[in-house]
1. Of these, 59, 72, which one is at pLDDT 95 or above, buried (at least 16 other Cβ atoms within 10 Å of the Cβ) and over 25 Å from residue 34 (Cα atoms)?
2. Give the residue that is farthest from residue 93 (Cα to Cα), with candidates limited to residues of segment 109-126 that are free of Cβ contacts under 8 Å to residues at least 12 places away in the same chain and part of a helix (DSSP H, G or I).
3. Residues of segment 31-55 being modelled with pLDDT of 85 or more and under 22 Å from residue 108 (Cα atoms), which ones?
4. So which residues in segment 104-123 are out of contact with any helix residue (DSSP H, G or I) (no Cβ under 6 Å at 6 or more places or on another chain) and surrounded by fewer than 16 Cβ atoms within 10 Å (Cβ to Cβ)?
5. With the condition kept exactly as written, say whether any residue in segment 33-56 is over 22 Å from residue 13 (Cα atoms), crowded, with 19+ Cβ neighbours inside 10 Å and free of Cβ contacts under 8 Å to residues at least 60 places away in the same chain.
6. Applying the selection to segment 92-103, what residues are touching a helix residue (DSSP H, G or I) at 6+ places or on another chain (Cβ under 9 Å) and closer than 16 Å to residue 11 by Cβ?
């Protein structure tokens, strides 16, 4: 008996957890940048808008908080190999009507923004300042 991956069983291009993570990262980034909409009736799309590079920065920050040094293996498990893949996930959301874009937003905004090995491995550091306090 073969087991289908979540992507095969749902028809998604990436693991369903990658889509959930991008959705969480969008809200995380909106909160960090103080751009959360007050409510659907008060939705100011321009004020709440997050650009591709801003979202990728939020993805980087949230991934390091949630996964630390395991970020790259987690992303690989989801089928995400580069920032380009996060752009494709965002545009999947847009295509399905779950996210909106402005006329300025393009898939290429996500291409080669940062290197996973560099930001999630080489430049990773653990804050030990609290560990040695009395």
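1. One residue alone meets the criteria, 72.
2. Looking at residues that are free of Cβ contacts under 8 Å to residues at least 12 places away in the same chain and part of a helix (DSSP H, G or I), I get 122.
3. Answer for segment 31-55, where residues must be modelled with pLDDT of 85 or more and under 22 Å from residue 108 (Cα atoms): 49, 50, 51, 52, 53, 54, 55.
4. Those that are out of contact with any helix residue (DSSP H, G or I) (no Cβ under 6 Å at 6 or more places or on another chain) and surrounded by fewer than 16 Cβ atoms within 10 Å (Cβ to Cβ): 104, 106, 108, 112, 115, 117, 118, 121, 122, 123.
5. Looking through segment 33-56, at least one residue is over 22 Å from residue 13 (Cα atoms), crowded, with 19+ Cβ neighbours inside 10 Å and free of Cβ contacts under 8 Å to residues at least 60 places away in the same chain.
6. Hits for segment 92-103 are 92, 93, 98.
The values are calculated or read from the model by the stated rules, or taken from the named source; none is laboratory data. From a predicted model like this one, the values you see are computed outputs, not experimental measurements. Counting neighbours? That spans all protein chains shown, and the Cβs are built from the backbone with ideal geometry, glycine included.
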